[in-house]
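Each remark here refers to the structure printed beneath this line.
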Amino acid sequence: MLADGLDQLGITASALQIHQWQAYIDLLVKWNKAYNLTAVRDKNAMIHRHLLDSLSVASHITSQSLLDVGAGAGLPSIPLAILWSDRAITALDSNGKKTRFMQQVKAELKLSNFTVVHSRVEDYRPTHLFDGITARAYATLADIVSSSGHLLTPPGTIWAMKGQIDPDELSALPKPYKVTACLPLCVPGGDAERHLVVIQPSLIT
């Protein structure tokens with residue numbers, strides 16, 4: 001199932017990467033029984049609705065230092081960290097149970113390019129800013145940019161994963177941010193509408 005999904009997404013993966021993705025799902029199933037990390041309980045559904053959904057953005061995201069805000073169980077940050085061993089991926093969440101889970105995944109899968117931060121996004125003050133921010137099922141677009149915009153280096157990009165597109169939500173973006181693209185995503189095994197909204201700051205004239 002995973003191999004078929006990767007093939008549909010055009011992703012070429014090593015045996016190690018496939019093992020790491022499978023191990024991640026196994027850990028998610030195990031921890032979910034005690035910590036309720038996701039409402040999805042079925043392992044096969046997790047592969048489609050979480051793992052492949054996260055990887056569906058891979059062909060679009062160009063950022064080399066990526067911050068995943070409201071990362072939860074590490075989605076999409078952990079699947080992407082496994083895919084991109086040469087990129088620096090940071091996952092931020094204010095929930096201690098979820099950050100402990102992500103730390104365990106980092107240790108067991110030996111993800112040296114993956115960093116976990118336990119903090120509210122508004123309070124986070126890193127030593128280095130990020131050229132990309134991703135958010136999946138986190139908040140409205142306006143909330144995403146207002147809470148995390150201070151973490152983006154100019155010119156940087158916010159990659160927001162969304163379901164159906166709400167025109168009112170798009171138009172509610174505060175200055176200086178603007179939507180530069182709204183890309184439909186095709187998630188193998190899923191029929192729900194999915195989009196990647198690309199947001200960038202623009203100069204105010």
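Quick notes on this one:
- Filtering the range 84-108 to residues that are more than 17 Å from residue 64 (Cβ to Cβ) and surrounded by fewer than 19 Cβ atoms within 10 Å (Cβ to Cβ) leaves 94, 95, 96, 97, 100, 103, 104, 107, 108.
- Close Cβ contacts (under 9 Å, 6 or more residues apart or on different chains) running from residues in the range 84-95 that are farther than 9 Å from residue 114 by Cα to residues that are at pLDDT 95 or above and among the aromatic types (Phe, Trp, Tyr) comprise 92/124.
- One residue alone among 163, 189 is farther than 27 Å from residue 129 by Cβ, surrounded by fewer than 17 Cβ atoms within 10 Å (Cβ to Cβ), in contact (Cβ under 8 Å) with a residue 60 or more places away in the chain and of a type outside the set (D, E, K, R), and that residue is 189.
- Residue under evaluation residue 90, criteria (1) more than 12 Å from the chain's Cα centre (by Cα); (2) modelled with pLDDT of 95 or more; (3) hydroxyl-bearing (Ser, Thr, Tyr), criterion not met: (1)
- Filter pass, residue 183 being open to solvent by 30 Å² or more (accessible area, probe 1.4 Å), in contact with a Leu (Cβ under 7 Å, 6 or more places away or on another chain) and under 25 Å from residue 5 (Cα atoms): yes
Residue-wise test of (1) under 17 Å from the mean Cα position of the chain (by Cα); (2) on the phi > 0 side of the Ramachandran plot; (3) modelled with pLDDT of 95 or more.
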{"position": "5", "(1), (2), (3)": "no, no, yes"}
{"position": "10", "(1), (2), (3)": "no, yes, yes"}
{"position": "13", "(1), (2), (3)": "no, no, yes"}
{"position": "17", "(1), (2), (3)": "no, no, yes"}
{"position": "23", "(1), (2), (3)": "no, no, yes"}
{"position": "28", "(1), (2), (3)": "yes, no, yes"}
{"position": "33", "(1), (2), (3)": "no, no, no"}
{"position": "36", "(1), (2), (3)": "no, yes, no"}
{"position": "43", "(1), (2), (3)": "no, no, no"}
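- Conditions (1) loosely packed, with under 15 Cβ neighbours inside 10 Å; (2) touching a residue at least 60 places away in the same chain (Cβ under 8 Å); (3) in contact with a helix residue (DSSP H, G or I) (Cβ under 6 Å, 6 or more places away or on another chain); number of the one not met by residue 128: (3)
- Test set (1) open to solvent by less than 20 Å² (accessible area, probe 1.4 Å); (2) farther than 25 Å from residue 153 by Cα - residue 69 fails condition number: (2)
The values are calculated or read from the model by the stated rules, or taken from the named source; none is laboratory data. Keep in mind that this is a model prediction, so the values were computed, not measured. Neighbour counts run over all protein chains shown; Cβ positions are idealised from the backbone, glycine included. Accessible surface is based on the protein model in full, side chains and every heavy atom, while ligands, DNA and RNA are left aside. Shrake-Rupley method; radii C 1.70, N 1.55, O 1.52, S 1.80 Å.
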